[in-house]
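Trainee: Okay, handing you the structure first.
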Amino acid sequence: MIELEKLIRDIPDFPKPGIVFKDITPLLANPQGLALAIEMLANPFRGKGVELVVGAESRGFIFGIAVAQALSCGFVPVRKPGKLPHKKLSVAYDLEYGQDTVEIHADAIIRGQRILMVDDLLATGGTMGACCKLVENLGGEIIGIAVLIELAFLSGVRLLSRYDVHSVLRYD
C-alpha cells in the first residue's frame, strides 16, 4: 500500500521564513495516493447519513468534491469574499495578524441537513471554525470534520473540540 506521508513534500520558509509548508501537489498527481486519501477521508463517515459535504476555498474544494462523490452526496463551497453571486452569509474570523472572512450562499443548506466539513489542512482552526459557524447559522447539523493533514502542534483541534475531527495525517 502507498504511504501518503511520502507524497507530502515539505517546503521550508514558505510562505514566510520559519514556516514549513506541507505541499500536497505530489499527492494530487499520484492516482493511487489521491484515491487512498479520499477513501481515508470518507470512510469514517460512511453510513452516518451525510447529506452534504462543505469545503473551504480552495484546496477544500479538491478534497470536498471527491469525498462528496465517494459518499454519494452533494457539495457546498465556502468562498472568500466577493466570489459568490447570490445572497450570502458571511463570518469574519481572526488570523495571527488581522482578520479574514468566509462566505456561503444563504440557501446552500436546508435546516437539519447532516453536514461533513472537509479541508486539506487543519492548523489553528480559525478557517474551519468560521466555516462551521456559517453552516450552523444556516441550521446545518455538523456530524464531523475530515482533514487530510492536521498540524497538531498548532492545537487547532482545541477550537473544534465539540466536533468529531478526523485527521488522515497528523504532524506533532
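The values are calculated or read from the model by the stated rules, or taken from the named source; none is laboratory data. Everything numeric in this text was worked out from a predicted model, so none of it was measured. Note that we place each Cβ from the backbone using ideal geometry, even for glycine, and neighbour counts take in every protein chain shown.
Trainee: Where residues in segment 1-17 are in contact with a strand residue (DSSP E or B) (Cβ under 9 Å, 6 or more places away or on another chain) and in a loop (DSSP other than H, G, I, E, B), which of them is nearest to residue 121 (Cα to Cα)?
Mentor: Only one residue tops the list, namely 8.
Trainee: May I ask you to list the residues in segment 94-150 that are of a type in the set (S, T, N, Q), in a strand (DSSP E or B) and either closer than 26 Å to residue 172 by Cβ or at pLDDT 95 or above (or both)?
Mentor: 101
Trainee: State which residue pairs qualify: first residue over 21 Å from residue 156 (Cβ atoms) and inside segment 78-102, second residue part of a loop (DSSP other than H, G, I, E, B) and of a type outside the set (Ser, Thr, Tyr) in any location, beta carbons under 6 Å apart, and separation of 6 or more residues or different chains.
Mentor: Every condition considered, the pairs that remain are 87/106; 88/106; 89/106.
Trainee: So, one more: May I ask you to verify whether residue 14 is of a type in the set (A, V, I, L, M, F, W, C), more than 20 Å from residue 166 (Cβ to Cβ) and exposed (fewer than 14 other Cβ atoms within 10 Å of the Cβ)?
Mentor: For residue 14, the condition - of a type in the set (A, V, I, L, M, F, W, C), more than 20 Å from residue 166 (Cβ to Cβ) and exposed (fewer than 14 other Cβ atoms within 10 Å of the Cβ) - is met.
Trainee: Out of the residues in segment 81-133 that are within 17 Å of residue 63 (Cα to Cα) and among the aliphatic types (A, V, I, L, M), state the one that is surrounded by the fewest Cβ atoms within 10 Å (Cβ to Cβ).
Mentor: The extreme case among them is 123.
Trainee: Please go through segment 42-54 and pick out each residue that is surrounded by fewer than 17 Cβ atoms within 10 Å (Cβ to Cβ), in contact (Cβ under 8 Å) with a residue 12 or more places away in the chain and not in a helix (DSSP H, G or I).
Mentor: Residues satisfying the conditions are 46, 48, 49.
Trainee: Could you please let me know if residue 52 is under 23 Å from residue 11 (Cβ atoms) and modelled with pLDDT of 95 or more?
Mentor: no
For every residue, the table says whether it meets (1) touching a residue at least 40 places away in the same chain (Cβ under 8 Å); (2) touching a helix residue (DSSP H, G or I) at 6+ places or on another chain (Cβ under 8 Å); (3) not small (Gly, Ala, Ser).
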position	(1), (2), (3)
111	no, no, yes
133	yes, no, yes
151	yes, no, yes
154	no, no, yes
159	no, yes, yes
169	yes, yes, yes
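Trainee: Would you mind telling me which numbered condition in (1) touching a residue at least 24 places away in the same chain (Cβ under 8 Å); (2) assigned to a helix (DSSP H, G or I); (3) out of contact with any helix residue (DSSP H, G or I) (no Cβ under 8 Å at 6 or more places or on another chain); (4) of a type outside the set (A, V, I, L, M, F, W, C) residue 39 fails?
Mentor: (3)
Trainee: Of the residues in segment 152-172, how many are within 15 Å of the chain's Cα centre (by Cα) and part of a loop (DSSP other than H, G, I, E, B)?
Mentor: 3
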